[in-house]
1. Under 14 Å between alpha carbons, and skipping anything fewer than 8 positions from Lys166 in its own chain: which aspartates and glutamates qualify?
2. Based on the Cβ-Cβ distance from Asp220 to Lys160, what FRET efficiency comes out when R0 is 22 Å, to the nearest 0.05?
3. Taking the Cα centre of segment 66-158 as origin, work out the dipole magnitude from +1 charges on Lys and Arg Cβ and -1 charges on Asp and Glu Cβ, in debye rounded to 20.
4. From the phi of every residue in segment 150-160, what ³J(HN,Hα) in whole Hz does the Karplus formula 6.51 cos²θ - 1.76 cosθ + 1.60 yield, where θ is phi - 60° and glycine or proline is x?
5. Calculate the length of the line joining the C-alpha centroid of segment 108-134 to that of segment 190-243, in whole Å.
6. Where the only charges are on Cβ atoms (+1 Lys, Arg; -1 Asp, Glu), what is the dipole of segment 108-242 about its Cα centre, to the nearest 20 debye?
7. Beta carbons within 10 angstrom, averaged per residue: use that to sort the peptides 116-122, 171-177, 89-95, highest first.
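Bear in mind these aren't lab numbers, they're just calculated from the coordinates by the rules spelled out. The structure presented is a predicted model; accordingly, all values stated were derived computationally and were not measured. Every residue, glycine as well, gets a Cβ built from its backbone with ideal geometry; the counts of neighbours run over all protein chains shown.
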Amino acid sequence: MNSSSKLEKDSSMQAEQLNPEKNDAQITADYLTANPDFFNQHAVLLASLDIAHASGSAVSLIERQVSILREQNAQHKSQLTELVGIAKANEQSNQKMHKLILSLMSRNAIDACEVVLDEILCDDFSVDAIALKLFVEPIPEQPEHLFVPMDSPLGMELDKLLNTRKPMCGFFKKLPLDELFEEKSPSISSVAVIPLFMEKNNCFGALVLGSNNVRRFNADMGTLFLERLGEILSHMLNGFIKK
């Protein structure tokens with residue numbers, strides 16, 4: 001290499017060192033020139049770039065279309081994130097329900113099931129109090145508080161709420177919370193009343209859930225989980241009652 005070429009190369013290297021940003025831009029430009037299909041292969045990257053389209057002070061049709069596509073893309077990403085969050089929450093609920101079912105299946109008496117319900121529902125499902133009430137003749141060796149006569153004030157109020165055979169959520173002024181939840185009753189602000197039955201006309205009890213949060217159980221909430229819980233518990237308890 002002659003001295004002239006070496007001098008030119010050294011000058012070029014010095015210019016690149018003095019202006020590294022220009023050098024990076026040139027490298028990028030050279031790469032894109034050598035790879036004209038780059039953005040075809042990286043469409044997602046192209047959608048995220050803000051490239052002005054010369055059209056004076058007016059917004060060009062192309063820019064408007066790109067803007068709309070970006071907005072739609074952002075909405076789709078937000079919806080996807082929301083759906084993923086819902087899926088994760090549902091999966092967690094399913095795992096908790098599975099745990100509850102296995103625990104109930106391992107019990108051999110009504111009062112043992114009551115203990116499981118109290119522990120798992122309060123620990124895993126944001127419930128502050130539970131009350132299990134059965135409209136059947138008292139069963140020997142089972143706590144008296146589990147059984148409620150249908151003609152008692154509590155029995156009649158529960159029967160009204162269970163008339164539809166669907167879980168009822170909200171705050172019911174006539175429902176005697178002190179009899180249901182005892183010392184926990186003053187803080188209870190919302191309840192869910194879940195019917196227990198094997199046939200539509202054979203309601204043999206209720207599971208009542210209480211929460212200190214007035215919004216926890218409300219009339220507008222979905223009740224699919226509560227219905228499933230009622231079905232599972234109905235089958236479990238019916239076996240004990242028929243023995």
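1. Glu199, Asp220, Glu227, Glu231
2. 0.60
3. Around 780 debye, computed over segment 66-158.
4. 5, 8, 7, x, 5, x, 5, 5, 5, 4, 5
5. 12 Å
6. Dipole magnitude for segment 108-242 comes out near 680 debye.
7. Ranking, from highest mean packing down: 116-122, 171-177, 89-95.
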